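Asks: This is the structure I have questions about; it appears just below.
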Amino acid sequence: MKIAGTGSALPTKQVTNDDLSKFLDTSDEWIFPRTGIKSRHVISDENLEDLAVEAVNKALEMASVAACDIDFFICSNVVNEYITPGLGCVIASKAGLACPSIDINCGCPGFVYGMDIIDKYFRSGTVKNVLLVAAEEPSRMTAWTDRSTCVLFGDGAAAAVFTEGGNYLASKLSARPDPDPLYQYHLMEPTPYVTKEEYSLPLQMKGREVFKFAITACLDDIKTVLDKAGKKVEDIDYFLIHQANQRIVDSIRGHLGVEEAKFPTNIIDHGNSSSASCLILLDECNRKGMFKRGDLLLFSGFGAGLLSGSALLEW
Ligand code: UT7
């Protein structure tokens with residue numbers, strides 16, 4: 001498969017670090033050096049599915065593929081207002097898609113997981129045009145009184161259209177199964193039979209533990225992908241890494257010994273938009289005309305689960 005088109009859409013409201021410091025015990029002096037974030041887009045009046053549809057339409061237009069010609073669709077999402085149907089069905093109904101869709105909840109590396117599933121469909125010879133959407137609203141997961149989480153995240157949606165081609169060169173999905181470092185509970189509907197205590201909790205994160213996991217897992221995955229594809233670090237034109245923290249990206253870049261220009265970032269004005277982050281970054285770089293045919297792009301994501309994954313794609 002190959003990527004034939006990308007698109008993204010962001011909420012109009014931008015919240016700066018100074019805005020946050022008006023109601024939280026935090027400051028730009030803490031947030032920016034610790035994370036690389038200056039501002040983030042946060043959903044106010046928009047609906048997540050409408051942002052996703054905007055991203056889908058842009059990606060379809062770039063790929064010159066009609067909505068009715070998409071024959072399979074994966075939606076990567078952690079939280080949205082529907083419990084059922086899956087967000088993919090909601091997006092499909094508004095975007096005029098008529099194909100089966102699957103929702104995946106793989107957290108931040110969801111983009112890589114979605115891409116890897118799509119690759120398997122192409123290899124089975126059953127699809128010609130496939131859509132991947134990552135639509136995320138982490139601002140609805142964090143407690144806005146918890147300075148250790150709410151300052152980190154931003155909302156947004158992005159999409160990519162995949163068509164036939166031999167450009168997906170190698171991938172590695174990994175897991176260190178353990179929900180404890182990064183999880184959220186929501187309250188289930190009570191029944192007459194449940195006797196155990198149930199409660200809801202906003203996003204809980206052991207930041208330092210996740211930070212260390214992110215760097216170790218990302219470096220392991222990248223090394224495996226390069227070995228599988230028979231490539232070296234210096235063969236890669238761009239590394240598109242999940243935008244969780246500028247310090248994580250810088251540390252990975254430092255370990256690999258790669259110059260800054262090969263590690264584009266947009267965390268400064270997006271924050272961490274979970275599985276949408278890599279795909280929004282891809283779309284922004286693509287629309288700036290950064291990639292040329294044959295460039296090697298290495299994607300990597302990590303987060304809740306704890307899950308991680310990397311993939312190598314030829315542009
Ligand atoms: O996408 C999912 C994956 N998520 C990640 O990859 C996140 C990985 N983790 C991180 O990016 C970092 O661990 C954080 C940015 C979350 C935190 O940075 P840190 O350097 O690990 O700080 P810390 O959690 O160790 O906190 C240091 C201090 C604490 O105060 P004390 O206990 O030293 O007095 C915190 O209470 O900074 C305090 N702090 C803040 N102060 C001002 C935490 N958040 C804030 C804040 N403003 N927003």
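Asks: Which three lengths, in whole Å and largest first, does region 140-242 cover when its Cα atoms are put on their principal axes?
Replies: The principal-axis extents, from largest down, are 57, 34, 26 Å.
Asks: What number, rounded to the nearest 500 deg cm²/dmol, is the helix-based mean residue ellipticity at 222 nm of the chain, given -39500 (n - 2.57) per DSSP H run of at least four residues and division by all its residues?
Replies: Working: 8 runs with 98 residues, N = 315.
For the chain, the value works out to -9500 deg cm²/dmol.
Asks: For the chain, set up a GNM with springs between Cα atoms under 10 Å and report which of SER44, SER274, SER76 has the largest fluctuation.
Replies: Maximum among the listed residues: SER44.
Asks: Sort out for me the Cα centre separation of region 231-269 from region 16-93, rounded to whole Å.
Replies: Centre-to-centre (Cα) distance: 22 Å.
Asks: So which helices of the chain fit the span-like rule, where a helix is a whole DSSP H run, its Cα atoms reach 30 Å or more along the axis, and its mean Kyte-Doolittle is at least -1.0?
Replies: Working: long enough: 207-229 (32 Å, 0.28).
Qualifying helices: 207-229.
Asks: May I pose another question? Taking the Cβ of each residue in GLU81, GLU284, GLU136, GLU46 as the centre, tally the other Cβ atoms inside 10 Å and list the residues starting with the fewest.
Replies: Fewest-to-most ranking of GLU81, GLU284, GLU136, GLU46: GLU81, GLU284, GLU46, GLU136.
Asks: Which one of ILE74, GLY301, ALA158 is farthest out on the positive end of the charge dipole of the chain, using unit charges on Cβ (Lys, Arg +1; Asp, Glu -1) and the Cα centre as origin?
Replies: Sorting the options by dipole projection puts first GLY301.
Asks: Further, regarding this structure: Using 1/(1 + (r/R0)^6) with R0 = 30 angstrom and r between the beta carbons of ALA66 and MET290, what's the FRET efficiency to the nearest 0.05?
Replies: Values: r = 27 Å, r/R0 = 0.91.
Calculated value: 0.65.
Asks: Turning to a different aspect of this structure: How much length would be gained if the chain were fully extended between LEU187 and ARG34, taking 0.36 nm per residue of separation minus their Cα-Cα distance, in nm to one decimal? Walk me through the intermediate numbers first.
Replies: Numbers: separation 153, 0.36 × 153 = 55.08 nm, distance 3.25 nm.
Gain in length upon complete extension: 51.8 nm.
Asks: What net charge do the residues around LYS22 carry, taking every other residue with its C-beta under 13 Å from that of LYS22, with Lys and Arg at +1 and Asp and Glu at -1?
Replies: On the way: positive: ARG147; negative: ASP18, ASP19, ASP25, ASP28.
It works out to a net charge of -3.
Asks: Turning to a different aspect of this structure: Can you put ARG147, ARG40 in order, fewest other beta carbons within 10 Å first? Spell out each step's value before the answer.
Replies: Numbers: ARG147 18, ARG40 30.
Starting with the residue having the fewest Cβ neighbours, the order is ARG147, ARG40.
Asks: Give the peptides 171-180, 292-301 in descending order of average Cβ contacts within 10 Å, highest first. Don't skip to the answer; put the middle values down first.
Replies: Numbers: 171-180: 14.4, 292-301: 19.2.
The most tightly packed comes first, giving 292-301, 171-180.
Asks: Let's see if you can work this out: charge +1 on each Lys and Arg Cβ, -1 on each Asp and Glu Cβ, no other charges. What is the dipole magnitude of the chain about its Cα centre, in debye to the nearest 20?
Replies: On the way: 30 positive and 42 negative charges, 163 e Å.
With only Lys, Arg, Asp and Glu charged at Cβ, the dipole is about 780 debye.
Asks: Still on this model: I'd like to compare 184-192, 53-61, 263-271: which one has the highest average count of other Cβ atoms within 10 Å, and what's the full order after that?
Replies: So the peptides 184-192, 53-61, 263-271, ranked by packing, come out 53-61, 263-271, 184-192.
Asks: Please give the net charge around ILE118, taking every other residue with its beta carbon less than 13 angstrom from that of ILE118, where Lys and Arg add +1 and Asp and Glu add -1.
Replies: Details: positive: LYS2, LYS120, ARG123, LYS128; negative: ASP71, ASP116, ASP119, GLU164.
It works out to a net charge of 0.
Asks: I would also like to ask the following. Any idea what the alpha-carbon Rg over 2.2 N^0.38 Å comes to for region 170-314? Before the final figure, lay out each step's value.
Replies: Numbers: Rg = 17.8 Å, N = 145, 2.2 N^0.38 = 14.6 Å.
Normalised Cα radius of gyration, region 170-314: 1.22.
Asks: Does region 75-120 classify as rounded, prolate or oblate by the C-alpha gyration tensor (a ≥ b ≥ c root eigenvalues; a/c under 1.5 gives rounded; else a/b over b/c gives prolate, otherwise oblate)? Before the final figure, lay out each step's value.
Replies: Details: a/c = 2.54, a/b = 1.26, b/c = 2.01.
It comes out oblate by the Cα gyration axes.
Asks: Here's a follow-up. Would you list the P(r) distribution for the chain, with all Cα-Cα distances sorted into 20 Å bins from 0 and each bin expressed as a whole %?
Replies: Percent of pairs per bin, in order: 34, 58, 7, 0.
Asks: Please compute, over every Cα-Cα pair in region 268-315, the percentage with a separation greater than 15 angstrom.
Replies: Looking at region 268-315, the distances longer than 15 Å represent 53 percent of pairs.
Asks: Could you give the Stokes-Einstein D for region 1-142 in µm² per second, using the C-alpha Kirkwood radius, 20 °C, 1.002 mPa s? Let's see the in-between values first.
Replies: Details: Rh = 16.5 Å.
Stokes-Einstein gives a translational diffusion coefficient of 130 µm²/s.
Values quoted throughout were computed directly from the atomic coordinates according to the rules given, and no laboratory measurement underlies them. Just so it is clear, the model here is predicted, and its values are computed rather than measured. Neighbour counts are summed over all protein chains in view; Cβ atoms, including those assigned to glycine, are modelled from backbone coordinates with ideal geometry.
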